[in-house]
Amino acid sequence: MPGWTNCAAISSNAGQYLVELEQRERARTGIATLKVGYNRVHGYYIETSRAQRGNAPVDYVRRQTLKNAERYITPELKSFEDEALSAESRALAREKPLYDDAAGRAGGTAGPLQASRGRRGRRAGRAGRLRRARRRAWAMYRPRAQRASRACDIDAGPPPGGGAACWSDPFVPNDLELDDGRRMLVITGPNMGGKSTYMRQAALLTLLAHTGSYVPAAEARIGPVDRIFTRIGASDDLAGGRSTFMVEMTETANILHNATAASLVLLDEIGRGTSTYDGLALAWATACHLARRSRAFTLFATHYFELTSLADELPATANVHLGGHRAPGAHRLSAQRQTRPGQPELRRAGGTPGGRTGGRAGSRTAEARGAGTPGGRCPAAGSVS
């Protein structure tokens, strides 16, 4: 486009033109102090000193008078000014039809391009999952699709996160089975026993299976799951006016309202943000709703050992526990992290030994053990050093 080329040349070469014009006018007029300039108010001009105004050629038209200078314009400079000031808008006017034409032609190929990009993305995703499975030494087992009555059946499941190499202790693989006859598992066991890990393992493997990925397990049979709901950990929303307990109750209510018989629900320590009996009542009611009304596949971890009786009262409910062992006379609890059916033999959460493991002073844990026994009371001041 010659017109566009000319407009682009004027815009890009305006400075060079003004330098050349200034040199030519100095030679023509003999005025060594003559200069060519531009301002936004008056546009382009040729400036001479007041003393040299008598030497201005007849084609110089006065444009502005200053205290010590006179500014002029010539027909040549006026012509250049008109072209330069409109060059950008004229160039854009010539570019727009070209752009619209190119955009229209590209729009006709958008569908095939997007389809090709989607195929490439899916292939890259599958290749990435395969590389990760090989790098992590996963069992390379691709889960088999199952009927809707089964949520998951996992043999020798892995830890969540970066794999067993990221764990300080040897990881103990665990099995998990949820189906129509076993829709809720009430999970008990000591602190640091692995309850949360066991539940997260189930959610992560189910999610991996639904993306078409290999899963790190000896064998896995994953059924259709519409959503995964979780209520794990403790956090608050003080800026929003919600305490830790209120956040817990809000998230739990969302699960109860939206979970279906095809959902996987993970609940950890429901009711811990309030008094013991209120918390137990809330946990009990939540479990009953999920088992009788929602009928969701549920992993329900709790320290309320009273909830283990739900296995006798609710349909498709079973107890599992992660074992802990404490030798006679020992204060430290050894978590075995192996799931076993039924209720635990050790019916204490292990919080007191856990406090000592976490760095709590031995005298304070001794006070806690004394206060936690039947009829126990806090010792008098100074009686425990």
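Just so you know, all these numbers are worked out from the coordinates, no wet-lab data involved. Quantities reported herein were computed from a predicted structural model and do not represent experimental measurements. Glycine gets a Cβ as well: all are built from the backbone with ideal geometry, and neighbour counts include every protein chain shown.
What to note about this one:
- For Lys195, the aspartates and glutamates whose Cα comes closer than 14 Å to its Cα, not counting residues fewer than 8 places off in the same chain, are Asp175, Asp268, Glu269.
- Cut-off under 5 Å, modelled amide H: who pairs with Ala296 long-range: none
- Cβ crowding within 10 Å averaged over residues, with 115-127, 196-208 ranked highest first: 196-208, 115-127
- Computed 3J(HN,Hα) for the stretch 209-223, one whole-Hz value per residue from the Karplus formula 6.51 cos²θ - 1.76 cosθ + 1.60 where θ = phi - 60°, is 4, 6, 8, x, 8, 5, 10, x, 8, 5, 7, 8, 10, 10, x, glycine and proline marked x.
- For the stretch 37-82, the alpha carbon positions stretch 30, 22, 12 Å along the principal axes, listed from largest to smallest.
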